[in-house]
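**Q** Below you'll find the structure I mean.
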Amino acid sequence: MWLFFTVLKRGVNETVFEEQMANMKTKQQSTPITYKLIRKRAKAMEKDTTRFLADLVRTQSFSSKEKNVIGVIKKEMQKIGFDGIKIDGLGSIIGRIGKGKRVIAFDGHVDTVYPGDLSAWKSDPFKPFVKAGKIWGRGTVDQKGGVATMIHAGRLIKELGLNDQFTILFTATVMEEDCDGLCWQYLLNVEKLKPELVVITEPTNMNIYRGHRGRMEIRVEVKGKSCHGSAPERGDNAIYKIARIALEIEKLNERLKYDSFLGKGTVTISEVKSSSPSLCAVADEAGIHLDRRLTYGETKASAIAEVKDAAKRAGYPDAKVYVLTYEEAAYTGKVYPTEKYYPTWALDEKSPYLKNAVAAYAGVLGKQPFVDKWTFSTNGIATAGMKGIPTFGLGPGNEVYAHAANEACPVEHLSGAVAFYAALVAKLNGKV
Ligand SMILES: [Zn+2]
């Protein structure tokens, strides 16, 4: 009975939705496209966009466990009437609108981090609700808000007929929290997508961001010689060696480059490991794990060379230095290994895409945007960092609430983001 009721209810909603779409199509023929019209329509959709975001939050989707939420997104894309829908080998879903020669993409990752300590949450992280002008729950900011709004921007683009020059792809991608950019390496290298512009929908507090530092995970290992702990002079303790290297890494951090836009490159040690035959023996092996953040102009080669130099300064030029590999399976079972090197990127301040974005923002939201950078890393490391595709981003929610308890996103950001994405498409099509 309950099931029957749910199905019936969904049927009624769909009919109302169809009617709204039909009404919009008739209006569209007589109403000229203006920023004001786009803003008004996005605002009118705000409740439904909030409902869609709540559907996404309710459907848990940790990295490599995104299958169910991809199903929810597919249904929404079908309801809106996307022109094409595809799920790729890693399990990301790609919705398409239009079939123009020029290709642009909007991207949002669908996986979230775990809620962590539940006692820090004032409510169930997976039972979203609206209170004090915000929608609360895990992923509302990072970054199901971005996913919901880009897909509803697709709905608005269709309703108002804002696109005729472009193939617009809406990629709701997997595994970003575990390995940023992996999904886009797959989309570019295997699926052969060729967008001329990628818009990232990660949280920016409704600012426009045009880059961020890159990162790397590096391991340094040294060998020693074990012997009985009662006579250490017979052996060669690997822990003393790695400790000297660790102190050189601390000094290296002070020497790293500074960039006026992206800030300073950094390196820190996140883990020390060693082994010995027993707790009464000299350690025969030791290693450290480095978290390296790369600023503008720093690359994998330069970062590795610096760590090798630090080991040399410590007196151990033979230390093994290497980049770790990510090789977890996607929910589809596919393993697509990649080095844990996530290159730095920044879009040129003078980029015409950025100019169009700033104009669309000012037109539709009625103020000048603040153009800045993310503190964290995004899928831009693949699109811009690896492939040089012009990339920038705007997303609902403030990044300070990402990965935090009591994550919440202002509801007005949702209609604001829908309006911005649709206005950008209208601007690129020369319609506004
Ligand atoms: Zn994110």
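The values are calculated or read from the model by the stated rules, or taken from the named source; none is laboratory data. Predicted model, so just to flag it, every value in this text is computed and none were measured. In this analysis, Cβ positions are derived from the backbone assuming ideal geometry, glycine residues included, and neighbour counts consider all displayed protein chains. What goes into the accessible areas is simple: the full protein's heavy atoms, side chains included, and nothing from ligands, DNA or RNA. Shrake-Rupley method; radii C 1.70, N 1.55, O 1.52, S 1.80 Å.
**Q** Provide the per residue accessible area, probe 1.4 Å, for the chain, rounded to a whole number of square angstrom. Could you put the intermediate results ahead of the total?
**A** Values: 19230 Å² over 432 residues.
The answer is 45 Å² per residue.
**Q** Still on this structure, please answer the following. Taking springs between alpha-carbon atoms closer than 10 angstrom, which of Gly235, Gly265, Gly145 fluctuates most in the Gaussian network model of the chain?
**A** Taking springs between Cα atoms under 10 Å, the residue moving most is Gly235.
**Q** Same structure, new question: For region 307-350, what percent of Cα pairs sit more than 17 Å apart? Before the final figure, lay out the partial values.
**A** On the way: 592 of 946 pairs.
Result: 63 percent of Cα pairs exceed 17 Å.
**Q** Sticking with this structure for a sec: Mind putting a number on the dipole of region 324-432 about its Cα centre? Charges go on the C-beta only, +1 for Lys and Arg and -1 for Asp and Glu, and I need it in Debye to the nearest 20. It would help to have the intermediate numbers written out before the result.
**A** Details: 9 positive and 9 negative charges, 100 e Å.
With Lys and Arg at +1 and Asp and Glu at -1, about 480 debye.
**Q** While we're on this one: What is the local net charge at Leu252, summed over the other residues whose Cβ is closer than 14 Å to its Cβ (Lys, Arg +1; Asp, Glu -1)? Present the calculation step by step, with values, prior to reporting the outcome.
**A** Numbers: positive: Arg244, Lys251, Arg255, Lys257, Lys264, Arg292, Arg293, Lys308, Lys312, Arg313; negative: Glu248, Glu250, Glu254, Asp291, Glu298, Glu306, Asp309.
Neighbourhood net charge equals +3.
**Q** How much of the DSSP beta bridge set in the chain is antiparallel, as a percent to the nearest 5? Numbers along the way, then the final one.
**A** On the way: 50 of 68 bridges.
Just about 75 percent of them are antiparallel.
**Q** Using a 1.4 Å probe on the protein heavy atoms, what percent of the accessible area of region 118-175 belongs to carbon and sulfur?
**A** Working: 970 of 1680 Å².
Result for region 118-175: 58 percent of the exposed heavy-atom area is carbon or sulfur.
**Q** DSSP loop trypsin sites (Lys or Arg not before Pro) in region 124-233 with at most 12 other Cβ atoms within 10 Å of their Cβ, which ones?
**A** Values: sites: Lys131, Lys134, Arg138, Lys144, Arg155, Lys158, Lys192, Arg210, Arg213, Arg215, Arg219, Lys223, Lys225; in loops: Arg138, Lys192, Arg210, Arg213.
Answer by residue number: Lys192.
**Q** Run the dipole for the chain about the Cα centre, Lys and Arg Cβ at +1, Asp and Glu Cβ at -1, nothing else charged, and hand back the magnitude in debye, nearest 20.
**A** Working: 62 positive and 49 negative charges, 286 e Å.
I would put it at about 1380 debye.
**Q** Same structure again: So between Leu118 and Lys36, what do we pick up on full extension, going 0.36 nm a residue minus the alpha carbon distance?
**A** That pair, Leu118 and Lys36, stretches by 25.3 nm at full extension.
**Q** If each of Ala301 and Thr266 carries a label point 7 Å out from its Cα toward its Cβ, how far apart are those two points in nm?
**A** 2.8
**Q** OK, next. Within region 347-369, find all residues whose amide N lies under 16 Å from a label point positioned 7 Å from the Cα of Glu196 along Cα-to-beta-carbon.
**A** Residues passing the 16 Å test: 351-357.
**Q** Right, another one. What are the extents of the Cα atoms of region 247-373 along their three principal axes, in Å, largest first?
**A** Between the extreme Cα coordinates on each principal axis of region 247-373 lie 71, 43, 23 Å.
**Q** Provide the descending list of Cα extents for region 144-284 along its principal axes, expressed in whole angstroms.
**A** Extents along the principal axes, in whole Å: 81, 34, 26.
**Q** Take the chain, connect every pair of alpha-carbon atoms lying under 10 Å apart with a spring to form a Gaussian network, then pick out the residue of His228, His212, His109 with the largest mean-square fluctuation.
**A** His228
**Q** In angstroms, what radius of gyration and Dmax does region 369-430 have, counting Cα atoms only?
**A** 13.9, 42
**Q** Could you work out Rg/(2.2 N^0.38 Å) for the chain, with Rg from alpha carbons only? Walk me through the intermediate numbers first.
**A** Details: Rg = 24.6 Å, N = 432, 2.2 N^0.38 = 22.1 Å.
Taking the Cα Rg and dividing by 2.2 N^0.38 Å, one obtains 1.12.
**Q** For Lys223 and Phe126 in one chain, what is 0.36 nm times their gap in residues minus the Cα-Cα distance, to one decimal in nm?
**A** On the way: separation 97, 0.36 × 97 = 34.92 nm, distance 4.73 nm.
Once the chain is fully extended between Lys223 and Phe126, it gains 30.2 nm.
**Q** If you don't mind, there's one more thing I want to ask. For region 161-167, in order, what is each residue's ³J(HN,Hα) by Karplus, 6.51 cos²θ - 1.76 cosθ + 1.60 with θ = phi - 60°, in whole Hz (x at glycine and Pro)?
**A** Values, residue by residue: x, 7, 10, 9, 9, 10, 8 Hz.
**Q** If I take R0 = 60 Å and measure r between the Cβ atoms of Glu412 and Val323 in this structure, what FRET efficiency does the formula 1/(1 + (r/R0)^6) give, to the nearest 0.05? Working shown, then result.
**A** Working: r = 43 Å, r/R0 = 0.71.
Efficiency at R0 = 60 Å is approximately 0.90.
**Q** With each run of n ≥ 4 DSSP H residues scored as -39500 (n - 2.57), what mean residue ellipticity at 222 nm is computed for the chain after dividing by its residue count and rounding to the nearest 500 deg cm²/dmol? Working shown, then result.
**A** Details: 10 runs with 155 residues, N = 432.
Rounded to the nearest 500, it is -12000 deg cm²/dmol.
**Q** Report the charge-dipole magnitude of region 178-259 in Debye, nearest 20, computed about the Cα centre from +1 at each Lys and Arg Cβ and -1 at each Asp and Glu Cβ. Show your work: numbers first, answer last.
**A** Working: 14 positive and 13 negative charges, 67 e Å.
Here the size comes out at about 320 debye.
**Q** Sticking with this structure for a sec: In the neighborhood of Leu169, defined by Cβ-to-Cβ distances under 13 Å, what is the net charge if each Lys or Arg adds +1 and each Asp or Glu adds -1?
**A** On the way: positive: Lys86, Arg96, Lys99, Arg102, Lys192, Lys194; negative: Asp83, Asp88, Asp107, Glu191, Glu196.
Result for the neighbourhood of Leu169: +1.
**Q** Follow-up. Starting from the 7 Å offset along Cα-to-Cβ, what nm value, one decimal, do you get for the label separation of Ala359 and Lys79?
**A** That separation, rounded to one decimal, is 3.5 nm.
**Q** May I pose another question? Set the bar at 27 Å for Cα to Cα. Now go through Lys241/Lys373; Lys79/Lys340; Lys300/Lys387; Lys43/Lys387; Lys131/Lys264 and name every pair that lies beyond it. Display every interim value, and only then the final one.
**A** Numbers: Lys241/Lys373 38 Å; Lys79/Lys340 38 Å; Lys300/Lys387 15 Å; Lys43/Lys387 36 Å; Lys131/Lys264 39 Å.
Lys241/Lys373; Lys79/Lys340; Lys43/Lys387; Lys131/Lys264, as the Cα separations exceed 27 Å there.
**Q** Rg/Rh for region 59-142: what does it come to with C-alpha atoms and Rh from Kirkwood? Show your work: numbers first, answer last.
**A** Details: Rg = 15.6 Å, Rh = 15.0 Å.
Ratio of gyration radius to Kirkwood radius for region 59-142: 1.05.
**Q** If you take the Cα Rg of region 172-241 and divide it by 2.2 N^0.38 Å, with N the number of residues, what do you get? Could the numbers behind the result be given before it?
**A** On the way: Rg = 23.2 Å, N = 70, 2.2 N^0.38 = 11.1 Å.
Its radius of gyration relative to the 2.2 N^0.38 Å reference: 2.10.
**Q** Under a 10 Å cutoff between Cα atoms, tell me which one of Ile93, Ile157, Ile239 has the largest fluctuation in the Gaussian network model of the chain.
**A** Answer for the Gaussian network model of the chain: Ile239.
**Q** Ok, one more. State the answer as a single residue: which of Phe170, Thr204, Cys227 lies farthest towards the positive end of the charge dipole of region 134-255, with beta carbon charges of +1 for Lys and Arg and -1 for Asp and Glu, about the Cα centre.
**A** Cys227
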